[in-house]
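Nothing in this text is a laboratory measurement; each read-out follows from the coordinates by a stated rule. Source: prediction; values computed, not measured. Cβ atoms come from the backbone with ideal geometry, glycine included; neighbour counts cover every protein chain shown.
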Ligand code: PLP
């Protein structure tokens, strides 16, 4: 058993080596200072000094079942002993079971899955299939979206993470988001953007609907600040797509698997997309996995054709076994229902924070998917941290996040939005403990209110 000092020393060494030899994603390399994590369990992870962190971010909003869930860990061990790896041309028990389970838990006639290593690859394959199926080439995506860091995924992405990869793939057209708090149309009643159809119809008029293969959207926008569409929006987009023979691709890489309090985000509005892309919560990232799930007509259409897509690790046995175990655990433990119930706790508790803290301009979300939008003034809605700001301009939120971390609360933030996205298995006590720390550190944001 290592002594406390040697464990702490090991932690320091790990960070030093990481800084020297690991290229970190989306980071100024000199600015990173990662926490060396020794272990994790439930809603907590622990560093080499033994300090516990309450994971209010589910890492990258993916550890939905919580850390080290025994059933999922056991399934990986069992699978590794039996069949650690096998190529995609074979049929394997865990892959077939997962395909069948996904057909059961996803809505409508979404029945056939192509397995990937993550979310971006699922989106790549979704737009490729949509173009092939429709014989059209354009894809409409929204500005406040993230769809992954591969060539197509990052071009579909509307936020500034796209800029470094431009010009990207051809044929991507942009539309605005139903972001009621900062509506680009000034949000008249009815709003052409936030109701969905009028704005999309106008874009189709300019682009030529017959050239558009698909509309891709995050059902509930995740990293760009938790944007929940108004009721009716998604149905309205669905209806326009149907009328023009355009496929609707719902990117539920983040919103899927209970995050919104329903199995899938689309279930909140009873909409069935033509293609659903998933990853993250499918198995909480215990082994990398994503999937593109398609509806029956597309599945039927593709049956007598050669599908021009593939990955060496498509349907990897360890990934599939962990996903089967995770979905079964969701069903056995009522984790989706728990997420919905916790959503009501957050609705109440975060609203109380808004009463106490003038820096909170809006609280929005559902299930275990919440955002607190911080402003300098509720009247002008000026962002507490400007769009795409870093460095000193981002200080109000970086200071706040650091203060939370010091108190053992790990937060994800995006410019002026604090995300509350813990594992769906979070207990009421843990949720309240995290909100209490938030309550304390929000006084830092309040200092900047004018
Ligand atoms: N789509 C959405 C909505 C996401 O949030 C993400 C990742 O955060 C992705 C796609 C990309 O997934 P991955 O990082 O697994 O490729």
How much FRET efficiency would the formula 1/(1 + (r/R0)^6) give for residue 207 and residue 307, where r is the Cβ-Cβ distance and R0 is 25 Å, rounded to 0.05?
0.35
Mind sorting 432, 252 by how few other Cβ atoms lie within 10 Å of their own Cβ, fewest first?
432, 252
Kindly list the residues of region 188-212 that lie in the label zone of residue 173, defined by a backbone N under 12 Å from the point 7 Å along the Cα-to-C-beta vector.
200-212
Label-point separation, residue 137 to residue 446 (7 Å along Cα→Cβ), nm
5.7 nm
Most fluctuating of 327, 14, 154 in the GNM of the chain (C-alpha, under 10 Å) is 14
Which value results for Rg/Rh of region 223-287 when Rg is the Cα radius of gyration and Rh the Kirkwood radius based on the inverse mean 1/r?
0.99
Taking 0.36 nm per residue of sequence separation and subtracting the Cα-Cα distance, how much length would be gained by fully extending the chain between residue 332 and residue 29, in nm to one decimal?
104.8 nm
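How far, in nm, would the chain grow between residue 270 and residue 356 when pulled straight, counting 0.36 nm per residue and subtracting the alpha carbon separation?
Values: separation 86, 0.36 × 86 = 30.96 nm, distance 3.58 nm.
Stretched out fully, the residue 270 to residue 356 stretch lengthens by 27.4 nm.
Given a Förster distance of 45 Å, report the FRET efficiency between residue 407 and residue 20 from their Cβ-Cβ distance, rounded to the nearest 0.05. Could the numbers behind the result be given before it?
Numbers: r = 30 Å, r/R0 = 0.66.
Efficiency, rounded to the nearest 0.05: 0.90.
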Let me make sure I get this right: for region 70-333, a, b and c are the square roots of the gyration tensor eigenvalues over alpha carbons, sorted descending. Under 1.5 in a/c it's rounded, otherwise prolate if a/b > b/c, else oblate. Which is it?
prolate
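When only Cα pairs under 8 Å and 6 or more residues apart are kept, what is the percent relative contact order across the chain? Can you show the working numbers first?
On the way: 907 pairs, mean separation 89.2, N = 450.
After rounding, I find 20 percent.
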Would you kindly state how much longer the chain becomes between residue 239 and residue 185 on full extension, computed as 0.36 nm times their sequence separation minus their alpha carbon distance, in nm to one decimal?
17.3 nm
Quick one: if the Förster radius is 56 Å, what FRET efficiency do residue 379 and residue 85 give, using the C-beta to C-beta distance and rounding to 0.05?
0.45
What is the spin-label model distance, in nm, from residue 71 to residue 2 if the labels are put 7 Å beyond Cα along the C-beta direction?
3.3 nm
Counting only DSSP beta bridges with both residues in the chain, what percent are antiparallel, rounded to the nearest 5?
65 percent
Going by how many other beta carbons lie within 10 Å of each one, how would you line up 183, 191, fewest first?
183, 191
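Going from the alpha-carbon gyration tensor of the chain, what semi-axes, largest first and in whole Å, does one get by taking the root of 5 times each eigenvalue? Before the final figure, lay out each step's value.
Values: eigenvalues 219, 176, 81 Å².
Result for the chain: semi-axes of 33, 30, 20 Å.
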